[in-house]
Amino acid sequence: MAYKRRIDRLPIIPADAKEHNVTCHYCIVGCGYKAYTWPLNKQGGTDPGQNKFGVDLSQQQQALTPNWYAPSMYNVVKQDGRDVHLVIKPDADCVVNGGLGSIRGARIAENRRSDITGSQQQRLTEPMVWRYGTWQPTSWDDALDLVARVTARVIDKDNENDLLVSMFDHGGSAGGYENTWGTGKLYFGAMKVKNCRIHNRPAYNSEVHSTRDMGVGELNYAYEDYGLTDTLFLIGANPIETQTNLFLNHMLPGIQNGARVVVVDPRRTVTINACEEAAGKDKVLHLQIASGSDLALFNALFTEIVAQGWVDSDFIKASTFQGDIAVPEDSAHPAALGSFEAAVAACHLSLDDAAAICGVAAADIAKAAAWIAEPKGGARRKCVTAYEKGIIWGNDNYRTIGALVNIGLATGNIGREGGGVCRLGGHQEGYMRPSDAHVGRPAPYLDQLIIAGQGKVHHIWANDHYKTTLNAAEFKRTYARRTNMVKEAMDARAGATREEMVDAIVSAINAGGLFSVDVDIIHTQIGQAAHVILPAVESGEMNLTSMNGERRMRLVEKYMDGPGASKPDCMIAAAIAQNLERVLREEGRNDYADQFKGFDWASEEDAFMDGYHANTGQIVTYDRLRAMGNNGVQEPVTGFEDGKLVGTKRLYADGKFDRHGRDDKLALFCLGTWRGLQAPGKEQQRANHRFLINNGRANMNWQNWFLDQKNDFVMDRFPVPFIQIHPDDMASLGLKPGDMVEVYNDVGATQALAYPEPTARANETFMIFGAPSGTQGNVVNAGVNELILPNYKQTWANIRKISDATPAAQRVSYKSWEVEL
Amino acid sequence: MKCNRLVDAGRRQFLRGGVLGVAGVAAASVLPAAPAKAEIALARVAYPSNRVGNLKDLKVDEPVDIAYPDDNSPGILLKLGKPVEGGVGPDGDVVAYSVLCPHKGFPLSYHAADKTLNCPGHYSRFDTENGGQQVWGHATQNLTQFELRVDDAGDIFAEGADELIYGRLSNVLQA
């Protein structure tokens, strides 16, 4: 039986409840919500004068009502030390979501930590230090002193390469401008740490280097463009699941208004199903290409569009580089960049050749080209191009994204209404750091450095490599071994003084061990290896600013206390800096200690003013953002007039492209020819294993399930990660729905629950990524592109049954996800 | 498939129905008296026992419109043709569900081919053979199932609900 909360009524929000602006801190879309709080022993009533909505709540409310909230939108939390009711519900007045809530965002309240309702008791409350064979709670001063003393022993003014750092760079969640500035000022300001990585990939790099090198920032449109366009061109993206209310509130109305849809994906997704239901199958073209063949498809589309003369010659002449090669191919540029004419020559690929590579009909590629580019009534056909992890984490990242941007530039569909070539995004954005130029390009492959035995101290900021990295099986083996060397050394010196303990730790790391400091909101899987664990707060437990996928910046107001002694990441970074300064002075290293000045922030607002405000024209403040509410302002913010922040609806409306930093502000084309599966080991893995293990996200599981793993509603649906397999393939493997399978190949193994999927192609599966109880990354090999971009998608393995369905798996529904109305 | 449209049509009547007599048990309303006197409230709502149909009128995969716990809460009574957990009747296959999608309150339609309830608003779907589990969708709860009892005459009574019904903050509406 399905999980039920057995809740038959909820407290009513009283008319005088406090109201706070909230942007959902899960996906990039950043839906507007309102948090309402009121004292525990007060409640509203059904009379219009007794509730926040001013309506008669003794009556049934109609569809789409703003006057209702689900049990998942309710909790009891601490606010200024007192228990209060909390309701977090979608904001009908927010232009992003128009009152819609996703299956993730509409559970924000339920996924808050509560001592009263018992939710999210996994949240960390106090710093912990490895002592006496386990983690012991302690004070911030004690924990940070140990971190600073050990770290200070391995870094020096001229060489900080033994300090490894894994740090998130996103907005939303526990990210945002305050926190990326805090860690950025520490590691890229006070220090110049080179050996570092980002939360979801093994190096400190951009996921979209090529579009930036071409001059085109990856978030250049406004969401309203989906309602103005003639064609949606979606690549490696599944927005109804992973950018839900962007799809429902912007894409769907555009489709219902007559826009056509071209989807490129080796898998038939529920997005395609929804588009067909909304528009009819004749308005939806699914190019179901062979995994990893996107570049060939895009080059053929580009070739066809040019051959048909469907290009915007005026735009090309005015806004793009004229000549031949502007940037040659080299170790930092996996393809040359240059003029339109040079790209036409370099990217030439016939429809028939592409059809053979991609496994789709040449006529369908030609049809897609027409839907994307054929002028309507003599005018530009408006086309929004949106891509995400399918190609970002796919074959030949640099050239593939470059080839897609080529099409947008050639057709003049960037910077104009109903256009844009954009990534859809994962988290929100919220990046503000000193320059990362010292990291270099290609950036160091951090996970491989760790596997190779390099580095001595590892600072981790909300990264769980154990669940969200590639080559994860080998990484975990090595990481556990190296950190255990330090744990054993610490255990052997139990009872020693701080000085003696630091000596023992340093001896262990000099012998190949690794000292691990983990800053996070929960005790993660990689945190099991850590020696010091520092508790951070999340969005809503601090004031936090971020921007969404159309660069819309909002302030999430603090509406509750963080758990226990937990702190904002920016304040933790500041405290580490201050402790390092203190320890370095004690050691007489005053010149180096001076570099750690400037962290005397009293609050996250100080970090915001020191970082974002000071580095973006000194226009945006908390007060001004708060006044802009849940609709915020679209970055870049250009001024403050009539009491309002003035933003920018879409980038490049003037036809000048500057993301690459060129003075001429001319966009470049990418000269990337097709070269098969680019990353090392991929062709061999494909040849030697039966199944494609395509992988990605699902609607209900946010990121690596870090909160969802303690959410009963979610875990009831999928107790372990699923793998979708065609029923015929299941039969050939002797599988019934819900059976536990092992997925195994040349680099590792993992487990999943077999879910029959009739629309899957033979020998092609789809597994959910990042799950705690079956890490898909275990079977992804170490192969990356030249700029260390991981290639999760092109993974092949074999599958065998390891168990009948568990009792938890037997309760699960195995029906099709596709709606039929 | 198309017969579902008829079920839909009936359901829309409910949605347009507005405020008719609200069936069910209204909680006792105590007038304020001086000095302040605490209001009496029970820990859970008191559900009415309402007759919603008879076994002899049910055919497999032909849902019957019902309303529970009052006329403004549309649902269906459904014979599945195979026993399920929570099913009643001699075959253990009779179930009842709210048909207001717990995401945004759109009326769900029955898809007999796989015995699911589907939402025309945002494409969520719920499994009637598995307690209303959301197969895929946007709702943050599984579909509200009504608890049923069958008497000796085959009359079917609805007597409770296991999740909050969309559009009301109390399953039994209270003034």
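Laboratory data are not the source of any read-out in this text; all were calculated from the coordinates shown. None of the values given here were measured: they were computed from a predicted structure. FYI the Cβ positions are ideal-geometry reconstructions off the backbone, even for glycines, and counts take in every protein chain you see.
So the values come out like this:
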quantity	calculated
Region B:50-161: relative contact order in percent, alpha carbon pairs under 8 Å with at least 6 residues between	24 percent
Shape category assigned to region A:30-123 from the gyration tensor of Cα positions, a/c cut at 1.5	oblate
Signed unit charges on C-beta, dipole axis of the protein assembly as shown, positive-most listed residue A:615, A:657, A:790	A:790
Where N is the number of residues in the protein assembly as shown, Cα Rg divided by 2.2 N^0.38 Å	0.95
Coordinate range along principal axes, alpha carbons of region B:31-89, Å, largest first	59, 23, 15
Whole-angstrom gap from region A:419-469 to region A:288-351, using each part's C-alpha centre	29 Å
Within straight-line cross-link reach of residue A:649, aspartates and glutamates at Cα separation under 20 Å, skipping those fewer than 8 residues along the same chain	A:93, A:218, A:224, A:225, A:230, A:417, A:429, A:550, A:635, A:641, A:658
Candidate aspartates and glutamates - alpha carbon under 12 Å from residue A:597, same-chain residues fewer than 8 apart omitted	A:581
Compactness relative to 2.2 N^0.38 Å, alpha carbon Rg of region A:452-560	1.35
Stokes-Einstein diffusion coefficient of region A:402-524, Kirkwood radius over Cα pairs, 10 °C, 1.306 mPa s, in µm²/s	87 µm²/s
Distance histogram in 10 Å bins (all Cα pairs of region B:50-161, percent per bin)	16, 52, 29, 4, 0
Per-residue [θ]222 nm for chain A (sum of -39500 (n - 2.57) over DSSP H runs n ≥ 4, rounded to 500)	-7500 deg cm²/dmol
Mean projected area in nm² (Cα convex hull; one quarter of hull surface) for region A:112-266	15.5 nm²
Fraction of beta bridges assigned by DSSP in the protein assembly as shown that are antiparallel (%, nearest 5)	70 percent
Compactness index (Cα Rg / 2.2 N^0.38 Å), region A:682-811	1.03
